[in-house]
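Written below as structure tokens is the structure these notes are about.
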Amino acid sequence: MSEARIPLARPRVGEDEAEALRRVLESDVLSRGEALTGFEADLAALAGTRFGIGVNSGTSALQIALEALGIGAGDEVITVSYTFIGTLNAIVRCGAQPVLVDIDPSTSNIDPAQIEAAITERTRAILVVHLFGRPAPMDAIRSRVEGRQIAIVEDACEAIGARWQGRPVGGLGDAGTFGFYPNKPIATGEGGMITVNDAELQTRCRQLRNQGLDPVTGTRHPCRAGLSARLSELQAAVGRVQVRRLDASLTERARIAERYIERLGDHEGLELPAPAADGDTISWFTFPLRVSDRATRDRVRAALAKRGIEAGIYFEPAHRFPPYDRSSLRHSLHQTETIGHRGLALPLFPGLAEDDQDRVCDAVRAAV
Ligand SMILES: Cc1ncc(COP(=O)(O)O)c(C=O)c1O
């Protein structure tokens, strides 16, 4: 008898979401209504910012945040290659050049020590990714740009609810961004959010997400060609339900991660995620482990697939893809290169049964 498939991620949706959707459908307001303003306020509260601006994806959130900060052609944005490709796509889509720096192998996040050498007179922002829900070291990053006209934008798409030194991510720089793809703790199908404190920046983000229209008067803004990147009432209504469940969901995710660490921690062939830094809280988005090399990664993934278990390649570094190839690299990505072909993500989502998790662990052990 074949066993049930275990996906890498599974959104938890049920009657509450169905009820919220029904209410929106009966209201006749399918876009730009109360659900959106409510969801924006929810996310601002979560990130500890004054404003939230709902958009249609995490990548749109990044692109709009960068553009709203005035970043465009001729500008440089420092970020990492070890991330989801959307981080870099957003920089390039707003006309700027990504300048890739190496990661700290113990955290998989940007290594602040690499930032200084990457700064040029064109640097306009550091795009900090909180990868796999682990907060990046914001004080060390900020100290590198202090006194310069360089913005800090957080890619918190994988890190909703994570805390750096007790403070929520998404509110630690000039702009924060979140994503609500179905593999995320808040899963609206598609969707994203920008979180900011500055009122003018908020206005520019609102203009850019909606064709450049002025959000108050509805008139066309004369100097900004905007996108069509709105978040619908249906998505926002689902998001609001899930915000209410976020704490419980993150607690369950953390418990599952803990259990992986207990069950796989003693295996020689595996490198498991390090504990959070003192004062930080990880928001477990997936369970990222490392094996010894690419061949082992692919072999383990195939062995899991044979047993009905989905594992993800998180991440092949972005500079291995054609649009971001090596020709544009200026700095050593030694750690990224060393780690980038060894990462495998295991299933982690609320509702993952202990028996299923044991099946995953047994399969990993057998394959490694
Ligand atoms: C680190 C990171 N940045 C950006 C994004 C982009 O989000 P979206 O897929 O909603 O555009 C994601 C989504 O998976 C992500 O993991």
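We did not get these values from a lab; they are worked out from the coordinates using the rules stated. In this text, all values refer to a predicted model and were calculated from it rather than measured experimentally. Positions of Cβ are generated from backbone atoms using ideal geometry, with glycine treated the same way; all protein chains shown enter the neighbour counts.
So here's what we get for this one:
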read-out: Extension gain (nm, one decimal) between GLN97 and ILE85, 0.36 nm per residue minus Cα-Cα; value: 2.9 nm
read-out: Per-residue Cβ neighbour rank within 10 angstrom, fewest leading, SER292, SER108; value: SER292, SER108
read-out: For VAL99, residues with placed amide H under 5 Å, excluding near neighbours; value: VAL77, ILE78, THR79
read-out: Packing-based ranking, highest mean first, of 301-311, 57-67, 233-243 given that Cβ atoms within 10 Å are counted; value: 57-67, 233-243, 301-311
read-out: Extension gain, ALA140 back to ALA117 (0.36 nm per residue minus Cα-Cα distance, nm); value: 6.8 nm
read-out: Zone residues, segment 15-48, relative to ASP247, backbone N less than 17 Å from point 7 Å out along Cα-to-Cβ; value: 42-48
read-out: Those residues of segment 296-317 whose amide nitrogen sits under 11 Å from the label point placed on ARG365, 7 Å along Cα→Cβ; value: none
read-out: FRET efficiency, ALA4 to LEU272 (Cβ-Cβ, R0 30 Å, nearest 0.05); value: 0.70
read-out: Estimated vicinal HN-Hα couplings, Hz - segment 114-128 in sequence order (Karplus 6.51, -1.76, 1.60; Gly, Pro = x); value: 8, 5, 3, 5, 8, 6, 10, 5, 9, 5, 10, 7, 10, 9, 8
read-out: Where labels lie 7 Å past Cα in the beta-carbon direction, separation of ARG224 and GLU316 in nm; value: 3.7
read-out: Peptides 128-134, 99-105 ordered by average Cβ neighbours within 10 Å, highest first; value: 128-134, 99-105
read-out: Over segment 246-367, relative contact order from alpha-carbon pairs under 8 Å, at least 6 apart, %; value: 35
read-out: Phi-based couplings in Hz for segment 130-140 (Karplus 6.51, -1.76, 1.60; Gly and Pro marked x); value: 8, 6, 6, x, 9, x, 6, x, 5, 5, 5
read-out: Semi-axis lengths, Å, segment 246-367, gyration tensor of Cα atoms, sqrt of 5 times eigenvalues; value: 26, 19, 13
read-out: Average Cα contact separation per residue, the chain, under 8 Å, 6 or more apart, as relative contact order %; value: 23
